[in-house]
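Notes follow the structure.
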Amino acid sequence: MEWKRKIGLVTVMLLVLLLDRFTKAWISQQLALGESQPIISGIVSLTLVHNPGAAFGLLAGRRWLFVLAVLVLIVLLLVYRKVLAEQATLSQYAIALLMGGVFGNLWDRVMLGYVVDFLDFHVWPVFNVADAAIVCGALVLGWEVVRNERRTRPK
């Protein structure tokens with residue numbers, strides 16, 4: 001992998017991590033736990049929530065299980081780094097988004113014991129920048145896998 005692409009991937013990962021950390025710190029100073037501030041009435045609000053579990057609060061209180069899962073993911077990525085380096089550029093950026101988000105939420109779990117969530121669209125559980133990066137990265141990666149599967153399938 002060329003050095004410019006490596007720098008670009010690290011930059012994406014760090015930007016996600018820094019944006020996540022900044023927004024969580026800012027919202028934690030602006031709102032009290034459970035407080036909500038409408039941005040567009042009835043559509044989107046900033047609502048401060050502490051999530052001790054996974055998505056939707058599942059498995060609450062099992063912080064070290066999540067930390068262990070993330071560490072296993074990081075080890076797998078290191079083991080498969082050569083394979084990942086040969087992937088399409090879009091897949092690599094999807095992985096950078098995933099990693100930035102994973103590290104953002106890992107920081108919260110280790111340092112706070114919960115994840116700070118604040119983006120509230122009223123039709124979905126409250127989430128954060130790291131969650132959005134993880135979902136976007138996973139969707140792009142899934143799309144790339146399906147697209148590559150179609151390309152390599154015999155006609």
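Descriptive notes on the structure:
- L98 vs. criteria surrounded by 13 or more Cβ atoms within 10 Å (Cβ to Cβ), within 28 Å of E2 (Cβ to Cβ) and at pLDDT 85 or above: yes
- L76 being under 28 Å from T11 (Cα atoms) and modelled with pLDDT of 80 or more: no
- Single residue of the range 120-138 satisfying the filter (of a type in the set (A, V, I, L, M) and in contact (Cβ under 8 Å) with a residue 40 or more places away in the chain) that is farthest from V49 (Cα to Cα): A138
- Exactly one residue out of L46, L59, L33 is modelled with pLDDT of 95 or more and in a loop (DSSP other than H, G, I, E, B): that is L33.
- Within the range 110-126, tally of residues that are within 17 Å of G100 (Cα to Cα) and modelled with pLDDT under 95: 3
The values are calculated or read from the model by the stated rules, or taken from the named source; none is laboratory data. Being a predicted model, the structure only gives us computed values, none of them experimental. Every residue, glycine as well, gets a Cβ built from its backbone with ideal geometry; the counts of neighbours run over all protein chains shown.
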